[in-house]
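This report concerns only the one structure given below.
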Amino acid sequence: MPARILVVGAGGREHALVRALRRSAAAPELLCAPGNPGIAADARLLSVAVDDVAGLADAAVAERCDLVVIGPEVPLVAGLADELVARGVTVFGPSATAARLEGSKEHAKEVMQAAGVPTARWHAVDDVEAGMAAIERYPVVLKFDGLAAGKGVVIALDEQQARATLEDFLVQRRFGPGRVVVEECLEGEELSLLALCDGERALPMAPAQDYKRIFDGDEGPNTGGMGSYSPVPGVGPERVAQIAALVHQPVVDLLRERGTPFHGVLYAGIMLTAEGPKVLEYNVRFGDPETQAVLPRLRSDAYELLTAAARPGGLAGVELEFGDDWAVTLVLASAGYPGTPSTGDVISGLDDVADAIEVTHAGTARRDDGAIVTAGGRVLNVTGLGPTPASARDAAYAAAQRIDFAGCQLRGDIALRAVERTGE
């Protein structure tokens with residue numbers, strides 16, 4: 001009997017995970033809850049919401065799953081991994097206690113401080129005036145303490161914007177009750193580095209860079225991510241190992257010492273400053289859209305890796321293998337995103353994209369008449385591969401131009417810096 005794997009989630013990240021697991025030599029049977037129309041072509045869908053912890057655990061037991069891979073942060077913070085472990089199900093994903101690294105920005109800062117991980121200077125506040133008093137200079141970074149779907153971070157350029165943001169977060173409670181972390185704005189180049197963790201060690205994956213702002217040139221408001229690419233010029237294997245030893249391993253060590261070992265993937269958003277790498281944030285799951293650029297380059301067996309990470313010390317002696325190719329991922333977003341996204345817009349051109357291009361669905365739905373329509377802010381991911389960043393970029397953009405829906409938003413500068421730096 002082939003292994004049966006349940007992937008929890010409904011976005012592009014989960015679609016990329018399903019695709020990676022499909023490539024396993026074990027040829028596992030794949031399920032996804034709740035999934036989306038794109039994932040339906042690669043896995044059997046279960047109609048269970050991502051925030052239904054009991055329902056997801058029931059489904060995993062009823063389906064006799066050998067492994068559950070949790071994609072989004074919401075079920076992790078809500079304790080899905082704990083519930084699955086309690087029911088004897090092998091799970092890739094941290095406990096609710098370990099997931100507080102993402103569930104609370106303030107907690108993450110406290111962990112960094114205790115673990116000796118370099119990060120920006122910060123203060124946590126719970127009222128507007130305290131927040132204003134904590135600002136040393138502009139620009140300043142203001143972060144809502146809890147989960148905010150990638151939209152709870154604002155880089156305030158002046159006093160007026162800072163006060164308005166603090167009012168939004170603390171008085172209007174845009175994301176619900178919670179404190180705000182007031183943080184020094186670091187200068188440098190951002191880097192995303194994910195590491196597989198087995199409770200004892202952090203095994204870094206290939207580096208990536210993503211693009212948070214909605215418009216070209218990093219203009220406009222933050223989003224969940226408008227594109228990414230991998231690898232990153234100047235960040236080779238030796239540098240990756242050094243960074244992981246500095247920002248991932250100390251956290252894994254500290255959580256193990258505290259009795260809350262971290263199993264799953266630890267994402268570090270890093271600023272490469274003149275003083276060295278400093279952590280901007282931790283996520284406790286695969287990054288989105290970085291996963292869509294990293295996993296297509298993975299040559300190691302994804303099923304074996306995720307299963308090993310679920311076991312204490314299971315990654316001992318494991319070495320990750322990635323291809324030499326470049327991957328460039330574009331996000332096609334709906335009109336109105338990152339504000340109120342338009343939904344129900346018919347998507348055309350999906351069948352016109354070459355098989356060599358990986359298209360993953362993020363916010364799509366299927367109408368009763370069979371049409372695929374927009375159903376969220378970030379709608380599709382288009383990933384091109386090639387021997388150079390320019391070739392991968394050209395492939396991705398050529399494919400994206402074949403896909404259309406009303407008001408489609410697409411940045412035009414994804415991976416351009418990699419092309420400029422490599423000259424390839």
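Overview of values
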read-out	value
Solvent exposure of the chain as accessible area per residue, Å², 1.4 Å probe	39
Trypsin sites (Lys or Arg not before Pro) within region 207-267, DSSP loop, no more than 16 other Cβ atoms inside 10 Å	Arg258
Partner aspartates and glutamates for Lys212 [C-alpha distance under 16 Å; skip if fewer than 8 residues away on the same chain]	Glu187, Glu189, Glu190, Glu281, Asp288, Glu290, Asp413
Probe 1.4 Å, all protein chains present, accessible-area order of His15, His263, His123, largest first	His123, His263, His15
Sparse-neighbour loop sites [trypsin sites (Lys or Arg not before Pro); region 317-380; at most 15 other C-beta within 10 Å; DSSP]	Arg367
Correct option for semi-axes √(5λ) of the Cα gyration tensor in Å [calculated from the coordinates] among (i) 30, 26, 23; (ii) 33, 27, 25; (iii) 33, 31, 26	(i)
Dipole of the chain, positive end: most advanced residue of Val247, Val18, Ile372 [Cβ charges, Cα centre]	Val18
Among 341-349, 315-323, 98-106, the order from most to least packed when residues are scored by Cβ within 10 Å on average	98-106, 341-349, 315-323
In sequence order, calculated HN-Hα J values of region 121-135 (Karplus, 6.51, -1.76, 1.60; Hz; x Gly/Pro)	5, 7, 9, 9, 10, 10, 8, 4, 5, 5, x, 5, 5, 7, 6
The chain - percent of accessible surface contributed by carbon and sulfur, probe 1.4 Å	48
Selected from Ala134, Ala208, Gly152, residue furthest toward positive end of dipole (region 130-217; charges at beta carbon)	Gly152
Rounded to the nearest 20 debye, dipole of the chain from Cβ charges on Lys, Arg, Asp, Glu	500
Under-5 Å amide H pairs with Leu45, H placed in peptide plane, nonlocal only	Cys32
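The values are calculated or read from the model by the stated rules, or taken from the named source; none is laboratory data. Keep in mind it's a predicted model, so treat the numbers as computed, not measured. Please note: Cβ atoms are built from the backbone with ideal geometry, for glycine as well, and neighbour counts cover all protein chains shown. Quick note on the areas: whole protein, heavy atoms, side chains included, nothing else; ligands and nucleic acids left out. Shrake-Rupley method; radii C 1.70, N 1.55, O 1.52, S 1.80 Å.
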